[in-house]
Amino acid sequence: MSVYFPHTDSDIEQMLAFVGVPDTDALYSEVAPELKCGKLSLAPGLSESEVIARLKALAAENKTYNSVMRGGGAYRHYIPEIVNETASKSSFLTAYTPYQAEMAQGVLQAIFEYQTYIARITGMEVANASMYSAANAAAEACLQSFKPGFKILIAASIRPDTMAVLRTYLDGKNIEYEVLAAENGILEPETLVKSLSPKVCAVYAEQPAYSGGILDLKALTEAAHRVGAKFIAGGNPLAYALLPSPGEAGADIAVGDVQPFGLPTAFGGPYAGYYATTKAGVRKMPGRIVGETTDRLGRRAFVLTLQPREQHIKRERALSNICSNQALCALRASVYLAAMGGKGLRRVAENCYKAAHFALKEFEEAGLKRVYEADFFNEFVTLCPGKSDKIEKALAENGILSGLKLDGDTMLWAFTELNGAMDITLAARIMKEVI
Amino acid sequence: MKLLFELEKSRPSEYVNAFTEDVALPDFGKKIELELPELSEVEVARHYSALSRTAFGVDDGAYPLGSCTMKYNPKINEAAAALEGFRDIHPLAPEKDVQGALKLMYGLGEALKEITGTDAISFAGAAGAHGEYIGLRIIKAYHAARGETRRKILVPDSAHGTNPASAAMAGFEVVNVPGDDSYGVDLDALARLCDEDVAALMLTNPTTLGLFEKNIAKIAETVHSKGGLLYYDGANLNAVMGVVRPGDTGFDVVHLNLHKTFSTPHGGGGPGAGPVCVKAFLKDYLPYPVVVSDGKTYKFAAPPESIGKVNAFYGNFSVLVKAYAYILALGAEGIRQSAETAVLNANYLKKKLQPEYPSAEGVCMHEFVVSMEKLKNLNGVTALDIAKAMIDKGIHPPTMYFPLTVHEALMFEPTETESKASLDAVAEAMKQIYSEALKDPSAMKTKPETTVVSRPDEVAAAKALKLTYDL
Amino acid sequence: MLKLYSKTHEWVKIDGKIAEIGISDFAAEELGDVVYVELPEVGAAVNAGDVLLELESVKAASPVYSPVSGTVVEVNSSLEDEPEKLSSEAESVFICKVELSEEPSGLLTEEEYRADLKK
C-alpha cells in the first residue's frame, strides 16, 4: 500500500491522547454501528511501482497512431513542451480556486491573460475563466439568452455532441427550440431567415460546421439581429486566426472549446469551454471572472469579481450552478498562445487549411467524392459507398487513424499541422487500393 | 508583474514549419487581423515561472480550506495520466483501440460503487456542481416515469451554494430546511416540509459544519415515506470513506468530487470530476454513454431511459486516470485509514486552536467551523482579518463566511496529508495571530504585509470592470 | 408627497397614481457598497411583495421587494453608472417609479418604521 498521510505510529498515539479518545474508532461515535460498512471489497493497496505498472499495462491496451486524420471536436495539434512544463508547475497544478487574492496573484493574472486571449481571438469584449466544454458553454449561452415566451433556433450543422447536450439542458427547463436544416452541410443565411420571427430570442450555430464547412457569420448575425434575436457563435477558435471572428461578425456571445490550443486529445478531456460576450452581456455571463483593480497601496491587483452572479452567493437565484471550471486547461491554452504568438497561430491555422485542401485533392484522385460544396476550414466529408469500414481498417494497419465514419458510406476527415503532405499522399495511395 | 501583453516583442520559436505543398489561401473576408504578443520561449518561460511564484498550491504549504479537501496530490498520478496511451487517444477512436481506457473507467466505476454503496455510475460530470445537475435530472426523470411531477427540492440552509443553484438549473423549486440546535437537519421541520411535491432532499454528510448527521436513518425514512429521494453531495466523503457508505444509509443518488476525495489536483479552479453513482432502480436514467462490459471487452452504451448527454465527450478522462491510480495505491485499508486520519487531524487541530478559536463541542469529522464573532464584538477584528494574517504565516486561509449559519465563520479542513508537525505549526501561528489581534487590532486591517498585493479593492473591481487587458 | 416604508426596508413616495421607490438608509447601511443595480424593465408588472430588482454589493446580492402593485413606468438609469448613490443618498434617490394598479396597503409611516427598527 502506498501511504500519503505522514504520521508515524507515535504521532497518532500522541494525537489521540491529546484529543482524548482511545482510538480512531471513537472519533466515529456519532455514527450508529449499524450504519458502518465492513471492510471494503477492494484490492489491497499497491506500491507505487505496482500502480504505475498496472496503469502502463492499461495504457498499452490503447492504440495510438502516428498519424491522426480524425477530429469532430477533438484535434491532435503539436503541443510545445513549455505547455506541459508550465501546467505541471505545482503552484499552479495544486492550487485551489483563487478566492484568496493575495495568495493567488499568479493564478489570477494567468486567468486574466487567458480572458484577454479569448476576447482577442473571438473579437468579443469580455470572456470568463472557462466552462466545462464547448457543449456546456453552448448550453449555458442558450440558457442565458432565453426569454420566456420565446424560442431558440439551433443549426442542425453543429457538432452532434453539442446538439445532444443542448437538448438535455433546454428540455430540462422546458425551453422551446427549433433545429434548422443543414443544407450543404452548413447553416445558410436563407435557411435562417425563413425561420426567424419576432418570437425568436436566440440563434445558435457553429463556425466551422461539424462538416467543416465555413458559415457566413456576418450574414447570419445580421439576420438574427433584424428580429431582435441574439446570435451565439459556437466554434473552433483556431479558425478565427483566418476567418472573421464572431466579434467582427457582430455576434452577441462566442462559445467553443480551447482544446486545439495545447490540449491533448486525452480521450475527450479535460478540455475547456470558452465563453465570451460583449460588455453589455457581462452580467449574464456565467462562471468565474477575473478583474483588475488596485490594492490598498495602489498596486495593480487581480481578483475574482462579479461574484454575486454565482452560486455561492446567489444560490438558487444564481445565473448558473458552475463552481469548479477547467482552469488548468485554460492555463494550457494561454501558455500555448503565448508561445505560438499571433504569427505562429496563423501558420498553424494556414497549415490546417492547406493540409485539408491538399488532402481533399489527393483523396478525390484516389476515388473518394466530396459531399458538400461549401469551402471548409480543416475538415470535410467524403463519400465512398460501402467502403468506410475498409478504409478505416486499411489506414489503421499503416498507423493512420482515418476520418470518422459517419455511416457506411461517408467519412468526416480532419487535418492539422501535424499531417504532412507525405502522410496524406500515403493515405490516398492506401485508399486507392481499397477502393 | 507585467502582463504578457505588456512584454517587449521578441522572436517567437517557430514550432511549426509551413506546409510543403502549394495550396492557395482564399480571401476569407477577415478585416480585423488577430494580434497576439510575439514572444520568445524564454520570455514565456520566465513569465510563467514568475507567476507561479505568486501562486500557492498544496506543495507550498498547509491548506486547511474547509469543504475543499486540499489533500496532497501524489506525483505518480500525474505520471499515469501523462502516459502516451492515455494522453494521445482520440475520443472518437474505434472502441477496439481504446479498450484500456474503457477498462480503466469500468474499474474505477466498480471501485467507486463499492466505496459509495451504489449500483451504477456515470463519469460525465466535469465537477461537483455538474454531478449535482446530473443527479437531479435523474431524480426528475425517475418521478416523471412514475407519472409524477414533483417540483420541490429540499436543501438544508447550511448547504453548499451549488445545491440550490443546481436544483434551480434542473428546473426545480428550492425549499430551505432549517437546521436544529446541533446544526443537523431539524426533523420536525423536515416532516412538515416533506410532502408529495418533494422530489428529493439534498444532503452532505458529514454536514458543512463538519458533523455527522446522526439522524440520517430517520431523515431517509421521512423523505422516502413521501416518495421522495435522498441525494448525497459527496463534497465531504473524505471523512467517512471506508467507514460509512452513503448508499447504506439511505442515499439514492451520490455525486463524488474526485478532485477532493480522490486526490486529483484542483489546478487553480479545475478541472475536477463529478461522477454520479445511483442505486439500481435509477440506473436506466443515467446520462449516456456509460461503460459496460461482458467481462472480456468494454464498450459504451446508452441507458434505456437516459436523461441524455450532459458533456461533450465522456467527462474529464485524465482526472479519472489520476483517481484510479490513487485508489489502486490506497486499497481498501488505505481508503479507510485516510478518512480516519483526516478526522483525527481535524479533531487535533480543533482542540489545539481552543480556546481562542471556539467551535462546536464534541468530536468533529474531517472539518470544523470556528466563529470569530466574539473577537469581532470585542475589538472589531473579523474572520477576514484573521484569514489575511494567516497568509503572512505561509498558511492558506480556511474557508471564510461559510456556512452561512455561523457568524464570522472560519472553516478548517486540514486533511489527512498534513503531518502532526505541520498541524502544530498551524496552531502555533494561529495563537500568535490571536494575541497580535488582541494587542493591536488596527494592525490586523493591513494584513497581509508580505505578499505582492494586499487587500485588493473589490468594490472598484466590481464597478470599473476591467476584465481584459484591452477593455 | 406622502413617504411610507415597508417592513422590508423600501420607501415609497406616492404622488397621485405614481409611486417612487427607494431603499431606506438602514438598508443601505446593511448592504455596504452597492456596486450594481439590476434595474427592472419599464413596462414590467409587479405585485406588492414581489422581488422588484436586485442590488449587488461585492459579496452579496440582495432583493428589493416592491412595496406596491402596479406597472414600472420609469427607472433611474443614472444608477447604472453611479450605483454608489444608493449607498450615500439612499433616502433621496429613487430606483424606479411604479404606476399604481391598486391602493397600497400594509405600509408604515416613517415614525412607525423607525420605531420598528429599534425593536
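The values are calculated or read from the model by the stated rules, or taken from the named source; none is laboratory data. Just so we're clear, the structure is a prediction, and the values are computed from it rather than from any experiment. Every residue, glycine among them, receives a Cβ derived from its backbone with ideal geometry; neighbour counts consider all protein chains shown. The area values use the complete protein model at the heavy-atom level, side chains included, leaving out ligands, DNA and RNA. Shrake-Rupley method; radii C 1.70, N 1.55, O 1.52, S 1.80 Å.
Some points to look at:
- Chain B: Rg to Rh, with Rh as the Kirkwood radius over Cα pairs: 1.00
- Pairs of C-alpha atoms in the protein assembly as shown farther apart than 48 Å represent 24 percent of all such pairs.
- Rounded to the nearest whole Hz, the Karplus-based 3J(HN,Hα) values (6.51 cos²θ - 1.76 cosθ + 1.60, θ = phi - 60°) of region C:54-70 follow the sequence 10, 10, 10, 9, 5, 10, 8, 10, 10, x, 10, 8, 6, x, 9, 9, x, with x at glycine and proline.
- Cβ-Cβ distance of A:Glu365 and A:Tyr78, R₀ of 30 Å, FRET efficiency by 1/(1 + (r/R0)^6): the value works out to about 0.65.
- Rounded to whole Hz, the Karplus (6.51, -1.76, 1.60) HN-Hα couplings of region A:94-102, x for glycine and proline: 9, 7, 8, 3, x, 6, 8, 3, 5
- Treating r as the C-beta distance of C:Glu84 and B:Lys431 and R0 as 41 Å, the FRET efficiency rounds to 0.55.
- In straight-distance terms, cross-link reach from B:Lys309 covers every one of the aspartates and glutamates whose alpha-carbon lies under 16 Å from its own, apart from those fewer than eight places away in the same chain; here that gives A:Glu140, A:Asp161, A:Asp171, B:Glu132, B:Asp284.
- Extension gain, A:Ala60 to A:Ala421: 0.36 nm times the residue separation minus the Cα-Cα distance gives 127.1 nm.
- Distant-in-sequence amide H partners of A:Ile154 (H built 1.01 Å from N, under 5 Å): A:Glu178, A:Val179, A:Leu180, A:Tyr204
- Solvent-accessible surface of region C:2-102, averaged per residue with a 1.4 angstrom probe and all protein chains in place: 44 square angstrom.
- Cα-based radius of gyration of region A:81-336 once divided by 2.2 N^0.38 Å, which approximates compact folds: 1.00
- Label positions at B:Glu95 and A:Ser41, each projected 7 Å from the Cα along the C-beta direction, are separated by 2.5 nm.
- Between amide H atoms placed 1.01 Å from N, distances below 5 Å from B:Ser40 occur with B:Ser10, B:Arg11, all of them 5 or more places distant or on a separate chain.
- Using θ = phi - 60° and Karplus 6.51 cos²θ - 1.76 cosθ + 1.60, couplings along region A:134-146 (whole Hz; Gly, Pro as x): 4, 5, 5, 5, 5, 4, 4, 4, 5, 4, 5, 8, 6
- With all protein chains modelled, accessible area of A:Cys323 [1.4 Å, Å²]: 30
- Alpha-carbon centroids, region B:333-385 and region B:213-257: separation in whole Å: 24
- Projected onto its three principal axes, the C-alpha set of region B:241-365 covers 56, 32, 28 Å, listed from the longest axis down.
- GluC sites (Glu not before Pro) within region A:101-131: DSSP coil, no more than 14 neighbouring Cβ in 10 Å: none
- Summing both sides, the accessible surface hidden between B and A at a 1.4 Å probe radius is close to 16300 Å².
- Computed accessible area, A:Arg370, all protein chains, 1.4 angstrom probe, square angstrom: 90
- Across region B:1-140, the convex hull enclosing all Cα atoms gives 287 Å³ per residue.
- Share of pairwise Cα separations in region A:1-71, more than 17 Å, in percent: 71
- Centroid-to-centroid separation of region B:41-69 and region B:104-182 [C-alpha atoms, Å]: 32
- Taking every protein chain into account, the accessible area of chain A amounts to 32 square angstrom per residue (probe 1.4 Å).
- Between A:Gln207 and A:Gly234, A:Gly235, A:Asn236, the built amide H atoms are under 5 Å apart, and every one of these is 5 or more places off in sequence or on another chain.
- Annotation for region B:413-471: GluC sites (Glu not before Pro) lying in DSSP loop with at most 16 further Cβ atoms inside 10 Å of their Cβ are B:Glu449.
- Rounded FRET efficiency, nearest 0.05, which uses the C-beta distance separating B:Lys374 from A:Asn398 and R0 of 60 Å: 0.20
- Kirkwood Rh in Å, taken over region C:2-102 so that all alpha-carbon pairs contribute: 13.1
- Chain B: DSSP helices with Cα axial extent of at least 27 Å and average Kyte-Doolittle hydropathy no lower than -1.0: B:317-352, B:420-439
- Region A:1-152 - Rg (one decimal) and Dmax (whole number), Cα, Å: 24.7, 68
- Scaled to the globular estimate 2.2 N^0.38 Å, the Cα spread of region B:389-443, given as radius of gyration, is 1.24.
- Debye-formula intensities of chain A, expressed as log10 I(q)/I(0) at q = 0.10, 0.11 Å⁻¹, are -0.81, -0.93 (one equal scatterer per alpha-carbon, no solvent).
- Per residue of B:3-12, other chain Cβ atoms within 10 Å of the residue Cβ number 4 on average.
- As a length-normalised measure over Cα pairs under 8 Å and 6 or more apart, the relative contact order of chain A settles at 20 percent.
- Cα extents of region B:76-329 along the three principal axes, largest first (Å): 55, 38, 30
- For residues of B:387-399, the mean tally of beta carbons on other chains within 10 Å: 2
- Rounded if a/c under 1.5, otherwise prolate or oblate - region A:183-307, Cα gyration tensor axes: oblate
- Computed from Cα atoms, the angle from the helix A:421-434 axis to the main principal axis of chain A rounds to 70 degrees.
- Tail beyond 17 Å, pair distance distribution of region B:341-459 (Cα, percent): 54
- 17 Å cut-off, amide nitrogen to a point 7 angstrom out along C:Lys13 Cα→Cβ, residues in region C:63-82: C:67-68, C:73-79
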